[in-house]
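A quick write-up on the structure given underneath.
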Amino acid sequence: MNTKIPFDNLSFSLLNGDVEVSLFQCREPDLTEFLIEDALENQAARLSVTRIVSYDGQVAGFFTLTNDCIIRKSVSDDDGEEWYPYPHYPALKIARLATHQAFEGRGIGRAMLLLAGVLVEEAVRMKATRNCSPPQLHFPG
């Protein structure tokens, strides 16, 4: 049985060139390849932002957020906003999420989902109070 890693023992950061990702390996080769080969480049192009979760100096997991939209017509009347005049609702999407094989079953995925939820709540709050998009939540620098 795998011992859960307490949330407070994890560190979270934006992916940057100083993060050693070459040793990361998860069960989905496409996700491993994305982190090692594409994530930083996509982030530099402002297509997405990748957050790294580390434990004891090792990359234990990552998740990537990207902007998206929800087509208004696909939202039921009960869930939509009558006053909203645009054809699409803005959205943030968890485009990728992966845990290093060595850390599976230890609560890393749950921790990443919790952080992603906090980031989304923060973005919504900033949008509501400042009436602007919070680029620091979407993109580095």
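Any residue that is at pLDDT below 90 and part of a loop (DSSP other than H, G, I, E, B) - is there at least one of those in region 2-17?
There is at least one residue in region 2-17 that is at pLDDT below 90 and part of a loop (DSSP other than H, G, I, E, B).
Please identify the pairs in which a residue from region 81-100 that is closer than 30 Å to K4 by Cβ has its Cβ atom under 6 Å from the Cβ atom of a residue that is surrounded by 10 or more Cβ atoms within 10 Å (Cβ to Cβ) and among the β-branched types (V, I, T), counting only partners at least 6 apart or on another chain.
As it stands, the answer is L92/V120; K93/T66; A95/T64; A95/T66; R96/T64; T99/I108, since those pairs meet every condition given.
Looking at region 14-38, I want the residues that are touching a residue at least 12 places away in the same chain (Cβ under 8 Å) and more than 13 Å from H100 (Cβ to Cβ) and have a partner that is among the aliphatic types (A, V, I, L, M) and assigned to a loop (DSSP other than H, G, I, E, B) with Cβ atoms under 9 Å, at least 6 apart or on another chain. Which pairs are those?
That search, which allows pairs on different chains as well, returns L15/V21.
Restricting the search to region 22-59, which residues are surrounded by 17 or more Cβ atoms within 10 Å (Cβ to Cβ), part of a loop (DSSP other than H, G, I, E, B) and either within 16 Å of the chain's Cα centre (by Cα) or of a type in the set (A, V, I, L, M) (or both)?
Hit for region 22-59 is S48, nothing else.
Consider G109 carefully, then state whether it is under 18 Å from K4 (Cβ atoms) and part of a loop (DSSP other than H, G, I, E, B).
Values: under 18 Å from K4 (Cβ atoms): yes; part of a loop (DSSP other than H, G, I, E, B): no.
No.
Exactly one of (1) more than 25 Å from D8 (Cα to Cα); (2) touching a residue at least 24 places away in the same chain (Cβ under 8 Å); (3) of a type in the set (K, R) is unmet by K73. Its number?
(2)
Criterion first (touching a Phe, Trp or Tyr at 6+ places or on another chain (Cβ under 8 Å), modelled with pLDDT of 95 or more, aromatic (F, W, Y) and at negative phi) does F62 satisfy it? First the steps, then the outcome.
Working: touching a Phe, Trp or Tyr at 6+ places or on another chain (Cβ under 8 Å): yes; modelled with pLDDT of 95 or more: yes; aromatic (F, W, Y): yes; at negative phi: yes.
In short, yes.
When you scan region 55-87, how many residues do you find that are more than 30 Å from F24 (Cβ to Cβ) and small (G, A, S)?
3
Which of the residues spanning region 60-88 are among the aromatic types (F, W, Y) and either assigned to a loop (DSSP other than H, G, I, E, B) or exposed (fewer than 13 other Cβ atoms within 10 Å of the Cβ) (or both)?
Quick first cut of region 60-88, residues among the aromatic types (F, W, Y) only: 62-63, 83-84, 86.
Within region 60-88, W83, Y84, Y86 meet the criteria.
Scan (1) out of contact with any strand residue (DSSP E or B) (no Cβ under 8 Å at 6 or more places or on another chain); (2) modelled with pLDDT of 90 or more; (3) not hydroxyl-bearing (S, T, Y) for the single condition L31 breaks and write down its number.
(1)
For residues in region 36-53 being touching a Phe, Trp or Tyr at 6+ places or on another chain (Cβ under 8 Å) and polar (S, T, N, Q), which is nearest to L23 (Cα to Cα)?
T50
Can you tell me which residues in region 93-111 are aliphatic (A, V, I, L, M) and either at pLDDT below 95 or surrounded by fewer than 19 Cβ atoms within 10 Å (Cβ to Cβ) (or both)? Working first, answer last.
In the first step, residues of region 93-111 are kept if they are aliphatic (A, V, I, L, M); the result is 94-95, 97-98, 102, 108, 111.
Scanning region 93-111 gives I94, A95, L97, A102.
The values are calculated or read from the model by the stated rules, or taken from the named source; none is laboratory data. Just so we're clear, the structure is a prediction, and the values are computed from it rather than from any experiment. Glycine also receives a Cβ, built like all others from the backbone with ideal geometry; neighbour counts cover every protein chain displayed.
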